[in-house]
Amino acid sequence: MLRSLSIQDFALIDRLRLEFAAGLNVFTGETGAGKSIVLDALTLILGERASAEMIRGDCEQAYVEALFDVGGDRRVEACLAEHGLATDSDGLLVAREMTRSGKNRCFVNGRQTVVSCLKELGDLLVDIHGQHQHQRLLSTANHLEILDAFGDAAFQSFRDRTAEKIARLREVRHRLDELDRGDRERARENELLQAQLTELDAARLRAGEDEELEREWKLLSRSEDVRRELAAMEEAFGGEDGPQLMRLLARWQEELGELALADPRMEPVSKNLTDAFYLLQEVRSSVASYLLDFDARPERLAEIEERLSVINKLKRRYGGSCHEMLVERSRIAGRISEMNTQRESREQWSRELVSLGKELSRDLPELSRRRRRLAEMLENKVTSELGDLAMRGAVFQVNLVTDIVGGDGDVRLEGKGYKLHRTGLERAEFFVSTNPGEPLMPLVKVASGGELSRVTLALKSSLAILEAVPIMVFDEIDSGIGGETATNVADKLVQVSSRCQCICITHLPQIAARGRTHFAVRKRPSKSRTVVSVERLDGPARAEELSRMLGGKSEVSLELAREMLASH
């Protein structure tokens, strides 16, 4: 339940703190007194949109705070845990601060959080139904949701599982449709990629092969020059008369060796010449060996040129080197593999589609059967509640409609194609006959605001025992009614408040007199501005407020007000 609500510098309110009780809490006041301001402040705590216009005119910020007693509600604890917030044994303290700069801060149990957290908590704690929220009831799109709310936990679980299967069915069909739309393009792409892969694999490329062949081609293309230069080098080392250069080096080595014995300064020179002599011998040997092994066959040059021609042709298509072409080959193979995986996915999704179809062909008729039973229960309950609200003879009916379409539809059952909705086969629409003998008409065509208010209250009363929301707020739900009907509505509000805390803004003394706690909202001038004040009424002050609501402050109306309070 809501234990307290504190408001500071909000709209026409300077500073206000309200203490609530269990059961029915009522707010009364003249039209335009500011009753809706209190409700607006509460909706901010519940995560509704904030605006700088809500801040009192001469202030820079506004602050609203509410203390709830959640009594170990596990849903609330789970929500707090999801947002990294701790529970508090003293209750759930929710606060919101607004500034003219547009910056808003939200707090739960003293820790800052996000507005979405307040919204989630608000959905768990409070259900607000106001005179303008009849529009939800007047929209047939909401009727199935209202009907399903009448189901127990087992029904809710079965419906949710079925809805998940429907959502998955649509997702799988969407994926298959996307594959179907792209099949022609993928077939052409696959044919091209397979041809490219075959061409690259046939070439048997090696990384760096092109560079090796180009070096070898440069060498072989000037093989005659190479032979000539190497032969001249070998001749310089030897010639027809023997290795003249080597004989000279040997003689100079001997002479420098003898000189080094006489003069140690020549030892390094003698050593260097000796090293040069042996190095040149190795050079001469290597040149001679290379000339013997030098492969300058014309056919080898032709082989290289033919191979380079193949590689260069592939380069123009796939890349600037063998390495780059091998990278492209890997990309092509990967894309082919990806398309093969898509084909496998198609087969997998096709199997899943068949499986989902079988499951839904079993679950959807069962869900429809359970809904029809729920509809009958809700019809009887709401019709009974309407009788309690001075609409004896009124009849409430839930019309469940399935859409049969041509072909297979979204799902095929018993040889017929049906359109699937988010949670099953049905659409729901509420019908009502407000007077005996009148035909059933769609609820959206009910003209009387008072009748619509009573249908709304009958539904709320029927669902209150099932709904987990512990607080219900009724904003002038009594609009358009009076007399005995008002008394019946008051009785019904008291019944609902025995199951959950109710907060009701009302203009009817019959309802105000039944409140366990009574607040009067008044607008008064203060210096150069107008402020809204809220006073908790007891005893004579409460009787005076009821007297005002009865139409005056005469002794007759005051005595009637006292009798209304005494009778309850």
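Each reported figure results from applying straightforward, stated rules to the coordinates on display, with no laboratory input. Everything quoted here is computed from the prediction, not taken from an experiment. Cβ placement follows ideal geometry from the backbone for every residue including glycine, while neighbour counts extend to all protein chains displayed.
Things to note:
- Hydrodynamic radius by Kirkwood, which averages 1/r over all alpha carbon pairs of region 209-320, in angstrom: 17.7 Å
- Relative packing of peptides 355-365, 248-258 - highest average C-beta neighbours within 10 Å first: 355-365, 248-258
- Angle between the chain longest axis and helix 322-388 axis [Cα atoms, degrees, rounded to 10]: 10 degrees
- Taking every DSSP bridge with both residues inside the chain, close to 75 percent are antiparallel.
- Contact order normalised by residue count of the chain, Cα under 8 Å, 6+ apart, percent: 22 percent
- Of LYS523/LYS553; LYS218/LYS313; LYS218/LYS315; LYS119/LYS527, those spanning more than 28 Å from alpha-carbon to alpha-carbon: LYS119/LYS527
- Mean projection area, nm², convex hull over Cα of the chain: 54.9 nm²
- When MET246, MET1, MET549 are sorted by how many other C-beta atoms sit within 10 angstrom of their C-beta, beginning with the fewest, the order is MET246, MET1, MET549.
- The residues packed around GLU385, meaning those with a beta-carbon under 14 Å from its beta-carbon, carry a net charge of +2 if Lys and Arg are +1 and Asp and Glu are -1.
- To the nearest ten degrees, helix 539-550 and the longest principal axis of the Cα atoms of the chain are 90 degrees apart.
- In straight-distance terms, cross-link reach from LYS381 covers every one of the lysines whose alpha-carbon lies under 18 Å from its own, apart from those fewer than eight places away in the same chain; here that gives LYS460, LYS492.
- Between the Cα long axis of helix 555-566 and the first principal axis of the chain there is an angle of about 60°, rounded to the nearest 10.
- Ranked by the mean number of other Cβ atoms within 10 Å of their residues, highest first, the peptides 299-309, 86-96 come out as 86-96, 299-309.
- Extension gain, LEU245 back to ALA141 (0.36 nm per residue minus Cα-Cα distance, nm): 26.4 nm
- Between amide H atoms placed 1.01 Å from N, distances below 5 Å from GLY29 occur with VAL521, all of them 5 or more places distant or on a separate chain.
- All other residues whose Cβ lies under 10 angstrom from that of ALA62 are scored, Lys and Arg at +1 and Asp and Glu at -1, for a net of 0.
- Residue-count net charge about ILE336 - beta-carbon cut-off 15 Å; Lys, Arg +1, Asp, Glu -1: -2
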